[in-house]
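The values are calculated or read from the model by the stated rules, or taken from the named source; none is laboratory data. Fair warning: this is a prediction, and the values are worked out from it, not measured in the lab. Because the Cβ atoms are built from the backbone with ideal geometry, glycine has one as well, and the counts that use them run over all protein chains shown. What goes into the accessible areas is simple: the full protein's heavy atoms, side chains included, and nothing from ligands, DNA or RNA. Shrake-Rupley method; radii C 1.70, N 1.55, O 1.52, S 1.80 Å.
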Amino acid sequence: MIKVIMGSKGTGKTKRLIDLANTSATEGLGDVVYIDSDNHHIYDLNHKIRFIDTSQFAIDQFCVFYGFICGIISEDFDISNIYIDGVFEIVDESMEFLEEFLNNVKKVADQFNISVVMTITGDPNEAPEFIKEYI
């Protein structure tokens, strides 16, 4: 399953994502991974959550980010939830490349029964149709 939390800057997307991750870590049955473009929120997360700061890796395209996510999953088959904060802060590509990324992540998430929640900055009313199904 994939879910997108979309809203303008400053609307509480990250706070909501952190709350969801912390709830999953305390109530969930599997491992939780939180992926961010920096380490600003590392201390806001439950200590059980595996935190990954992508600034330490050369992730410049959605295909690279997809491979990165697959690597995380292949290392730990007990992952139940992945939270991604600020997709476009991690990957500096345009919206046109996001659709294929979402389709690929959905396939692997469904295959391994993982819930993936990500934040995207932007107006949800102006989101492309392929994103609206996940909002």
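Taking a ≥ b ≥ c as the square roots of the eigenvalues of the Cα gyration tensor, the chain is rounded, since a/c falls below 1.5.
Here the calculated FRET efficiency for residue 58 and residue 9, from their Cβ-Cβ distance with R0 = 30 Å, stands at 0.70, rounded to the nearest 0.05.
The per residue volume of the convex hull around the alpha-carbon atoms of region 1-52 is 89 Å³. Among the protein heavy atoms of region 55-135, carbon and sulfur supply 46% of the accessible surface, probe 1.4 Å, non-protein parts ignored. Taking trypsin sites (Lys or Arg not before Pro) across region 1-63, the ones in a DSSP loop with at most 13 further Cβ atoms lying within 10 angstrom of their Cβ are 9, 48.
For region 45-114, the gyration tensor built on C-alpha atoms gives an oblate shape. Its axis ratio a/c (a ≥ b ≥ c) is at least 1.5, and a/b is not larger than b/c.
As a length-normalised measure over Cα pairs under 8 Å and 6 or more apart, the relative contact order of the chain settles at 40 percent. Once you reduce region 85-114 and region 1-58 to the center of their Cα atoms, the two points are 15 Å from each other. Can you list the residues, at least 5 places off or on another chain, whose amide H is less than 5 Å from the amide H of residue 115, using H built in the peptide plane? Sorted by chain and number, the residues that satisfy this are 81, 82.
What FRET efficiency, computed as 1/(1 + (r/R0)^6) with R0 = 30 Å and r the Cβ-Cβ distance, is obtained for residue 48 and residue 113, rounded to the nearest 0.05?
Step by step, r from the Cβ atoms, then E = 0.95.
Per residue, the accessible area of the chain comes to 54 Å² when a 1.4 Å probe rolls over the protein heavy atoms.
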